[in-house]
Structures are given as structure tokens and as C-alpha cells.
Amino acid sequence: MIEVLGRVPIRMRLTLAFALAMAVVLAATGLFLYLRLGSALDGAIDQSLRGRADDVSALVREGGSGLGEGGGNRLAEQDESFAQVLDADGAVVDSSPLVGDRPLLTEAQLARATEAPISIDRDRVPGSDDPVRLLATPVDAQGALLVVVVGAS
């Protein structure tokens, strides 16, 4: 092998070394940008979910969310986002049309969500074929403990 490299002209060896070094630099830069962009997108989705959960929680505290109503409801009008309000037993109190009347949380997730906000990643939910992230937040409204679940693809 060393004899073969000895017969290769110096220009060719320098070109190969430079090409290899550039490939490593470009691969490392690509990986860094990919990870950085993924982290930024996750942060933006989490922030959006927190804002939407706060909005829906405020509506629930006022006496009704109206998630199932069509028209100009800005909390549930986007195709990629949805909201659902569950009682402490897991029954759906209100829901955006996209997800329907099936609870988005399992019993274990609901039990954790009544204590503190939780984030959940799912491969799919009813009404969506894309992976989604859910944020479930407990809310005291009209003397009852409710859980607001918001999600986005």
C-alpha cells in the first residue's frame, strides 16, 4: 500500500487529502446545522403550544372554550393544530373538530397532567397522519379540575 502511494504524484495526494478534509468539514457543518435547526423548530413548537394552552385555559376559566364551533376561532382553525378539554375522569368536555370526541391522553398521562403540565410526542392522533406533539395542562375552572390538551404536527 505504501509503495502504491509512493508512485502517486504529489499533486494527486494533495488533491485527495484536500478533498477528504473538505468532505469531513462539510459533513460536520451539515450535521451541526441539522441539529441546530431541529432544536430551534422544537423550541418554536413548544412555545406555540404553551401560548395556545394559555389561550384555551383562559377561555375555559371564563366559562366555555367553543373549540367545536366553526368560523373564526383562531385557537383551532389551523389544520395542523388542535385543542381538547378533558375532565379529571378523562371524558371529553370540548374538542376542536379535527380530533373529535376520543380523548387524546391515556389514563396514566391524564393522571400526570392533572398534577403538572406534560409534553407528549405521538406518531399520530385521530384526524392527523403526521407525528404530533401534545401539551396537557391542568386548569381549575368553575370549581372543577380540567385538563387542556393542545397539539400541533
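A few points about this structure:
- Which numbered condition A83 fails, given (1) at pLDDT 95 or above; (2) assigned to a strand (DSSP E or B); (3) not polar (S, T, N, Q): (1)
- Looking across the stretch 79-102, the residues that are in contact (Cβ under 8 Å) with a residue 40 or more places away in the chain and not aliphatic (A, V, I, L, M) come down to E80, S81, F82, Q84, D87.
- Residues located in the stretch 48-80, provided they are modelled with pLDDT of 85 or more and closer than 18 Å to R122 by Cα: S48, L49, R50, A53
- Top-ranked residue of the stretch 86-108 - restricted to ones that are buried (at least 19 other Cβ atoms within 10 Å of the Cβ) and modelled with pLDDT of 80 or more, ranked as farthest from the chain's Cα centre (by Cα): D94
- Residues within the stretch 100-127 that are closer than 21 Å to Q47 by Cα and assigned to a loop (DSSP other than H, G, I, E, B), tallied: 8
- Residues in the stretch 113-146 that are of a type outside the set (G, A, S), within 18 Å of A53 (Cα to Cα) and open to solvent by 30 Å² or more (accessible area, probe 1.4 Å): T114, E115, P117, D121, R122, R133, P138, D140, Q142, L145.
- Restricting R11, R36 to those that are loosely packed, with under 10 Cβ neighbours inside 10 Å and at pLDDT 90 or above reduces the list to R11.
The values are calculated or read from the model by the stated rules, or taken from the named source; none is laboratory data. Model, not experiment: these values are computed from the prediction. All Cβ positions, glycine included, derive from the backbone under ideal geometry; neighbour counts span all protein chains shown. For the accessible areas, the whole protein counts, side chains as well, though only heavy atoms, and no ligand, DNA or RNA atoms are used. Shrake-Rupley method; radii C 1.70, N 1.55, O 1.52, S 1.80 Å.
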